[in-house]
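Notes to accompany the following structure.
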C-alpha cells in the first residue's frame with residue numbers, strides 16, 4: 001500500500017525531527033513548536049503520541065540516535081584492526097562536524113550534560129547509548145584476544161577520549177583536537193591489542 | 001571601607017551566579033530572571049552591566065569558571081609527577097560530581113555543546129578555557145623533559161579523556177568511567193613522561 005501513510009508516521013517523524021534538533025541545539029532550546037513545525041505533524045498530536053511530554057520524546061530520540069550511531073560504529077569496526085577502525089570512525093565524525101559548521105557532533109552528549117542529573121529516564125537512555133557503543137568497542141578488542149577487563153578499560157578510554165575530542169573540536173571549531181586524539185588512540189590500540 | 005559595597009559588586013555577583021547556573025543546568029535553561037533572583041541584583045541592572053545580553057554574561061562566566069578550574073589544575077600539578085597529578089585531579093572531580101548528585105561537572109562543557117557553533121564569542125571563550133587547562137598539562141609534562149609536540153599531544157589526550165569521562169559519569173551516575181579513565185591515563189603518563 002505504497003503512498004498510504006501509516007498511522008505511526010507522524011510519531012516517527014516527530015522522533016526523527018527531535019533527534020536532529022536535540023543533537024544540534026540541545027534539549028532546553030528545543031520546543032514542541034519547532035518539533036511540530038519541522039516534522040509537519042499536527043499541533044496537539046504530541047499529547048497523544050507522547051503523554052510523557054518532552055522527556056519521553058527525548059528518551060525515544062536518544063534511543064534512535066544511539067542505535068544509529070552504534071550501527072555505524074559496528075560497521076566501521078568490522079574487518080579491520082580496532083586501531084584503524086577507531087581512526088576511521090574519528091575521521092568520519094571530524095569530517096561531519098566540519099561539514100556542519102561544528103553543529104552536528106555526538107547525538108547524545110549535549111542532552112546528557114543538560115539533563116542527566118535531573119531526569120532518571122534521560123540519564124538511563126543516554127547511559128544506554130554509551131554502553132552500546134562501548135560494548136561494540138569492547139567486543140572488537142576482545143575478538144583480537146585482549147582479555148577482560150582490559151578490553152573494557154581500553155574501550156572506555158577510547159569512547160571518553162572521542163567524546164572529549166568532539167567537545168574540544170566544537171569549541172575550537174577545528175578538527176585538530178580530534179586528529180590528535182585519533183593519533184594517540186591509534187598508537188595505544190596498536191600497541192596493546194594483538 | 002569594609003561593609004560599603006563596591007559599585008561592581010552586583011555585576012560580579014551576577015557573573016558568579018550565572019557561572020554556577022550554566023555549570024549545572026546549561027545556557028538555554030538559564031534565564032535572566034533566575035540570575036537576577038539568585039544574585040540579589042536589581043531587575044533592570046542586567047541591561048546596564050551586560051549590554052551584550054546573556055551571551056556577554058556567559059562569556060564572562062566561562063572566563064571566571066575557566067580561570068578557577070585552571071588554578072585548581074595548576075595547584076594539583078605542582079610538585080608531583082603528572083601521572084599522580086592527573087589521578088588526583090580526576091579523583092577530585094569525581095568526588096565533587098558524586099557529592100552534587102552528578103550535577104556539577106566541567107564548568108564549561110555544557111555551554112560549549114549548546115552554543116559553540118552559534119556564537120563566535122562563546123566558542124572563543126570556551127576554547128580559551130580548554131587551551132588554558134591544556135597549557136597547564138603541557139607545561140607540567142614538558143617540565144619533566146618530554147619534547148614538544150609530544151607533550152601537547154599527551155595533554156590533549158588527557159584533557160579529552162577527562163572531559164569524556166565526566167560525560168559518561170554523568171549519564172551513568174557513577175564514578176566508574178572516571179576511575180577507568182584515571183587508571184588508563186595514569187599508566188600512559190607514567191610510561192611516557194620521564
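All of the numbers you see were taken from the coordinates with simple rules; none came from a lab. On a predicted model such as this, the values are computed, not experimentally measured, just so you know. Positions of Cβ are generated from backbone atoms using ideal geometry, with glycine treated the same way; all protein chains shown enter the neighbour counts.
Miscellaneous remarks
- With contacts taken as Cα pairs under 8 Å and at least 6 residues apart, chain B reaches a relative contact order of 25 percent.
- Among A:60, B:101, B:150, a tally of other beta-carbon atoms within 10 Å of each Cβ gives an order, fewest to most, of B:101, B:150, A:60.
- Added length on full extension, which subtracts the Cα-Cα distance from 0.36 nm per residue, residue A:101 to residue A:38: 20.6 nm
- For residue A:174, inter-copy label distances in nm, listed shortest first [label point 7 Å out on the Cα-Cβ vector]: 3.7
- With R₀ fixed at 25 Å, the C-beta to C-beta distance from residue A:174 to residue B:192 puts the FRET efficiency at about 0.55.
- Expressed in units of 2.2 N^0.38 Å, where N is the residue count, the Cα radius of gyration of segment B:54-192 is 1.03.
- Tail weight of P(r) past 37 Å, computed on alpha-carbon pairs of the protein assembly as shown, percent: 22 percent
- Between copies, residue A:31 shows label-point distances of 1.0 nm, shortest first, with the point placed 7 angstrom from Cα along Cα to C-beta.
- Cα convex hull of segment B:5-83 - mean projected area over all directions, nm²: 6.6 nm²
- Sequence of A:117, A:81 once ranked by neighbouring C-beta atoms within 10 Å, starting from the fewest: A:81, A:117
- Against chain B, whose longest principal axis is taken from its Cα atoms, helix B:150-172 shows a tilt of about 60°.
- Extension reserve of the residue A:55-residue A:13 stretch, reckoned as 0.36 nm per residue once the Cα distance is removed: 13.5 nm
- Angle in degrees between helix A:53-77 and the longest Cα principal axis of chain A, rounded to the nearest 10: 30 degrees
- Counting only alpha carbon atoms, the long axis of helix B:9-25 and the longest principal axis of chain B meet at about 50°.
- Within the protein assembly as shown, helix-based [θ] at 222 nm, where runs of 4 or more DSSP H residues each add -39,500 (n - 2.57), nearest 500: -24500 deg cm²/dmol
- Put a dot 7 Å past the Cα of residue A:183, heading toward its Cβ, do the same for residue B:91, and the two dots end up 3.2 nm apart.
- Projecting 7 Å from Cα along the Cα-to-Cβ direction, the label point of residue A:56 sits 4.4 nm from its equivalents in the other copies, listed shortest first.
- Using the Cβ-Cβ distance between residue B:118 and residue B:139 with R0 = 35 Å, the FRET efficiency computed as 1/(1 + (r/R0)^6) comes to roughly 0.60.
- Among B:69, B:130, sorting on how many other beta-carbon atoms sit within 10 Å of each Cβ, with the fewest leading, yields B:69, B:130.
- Spatially, segment B:111-175 and segment B:33-101 are offset by 15 Å when compared through their Cα centroids.
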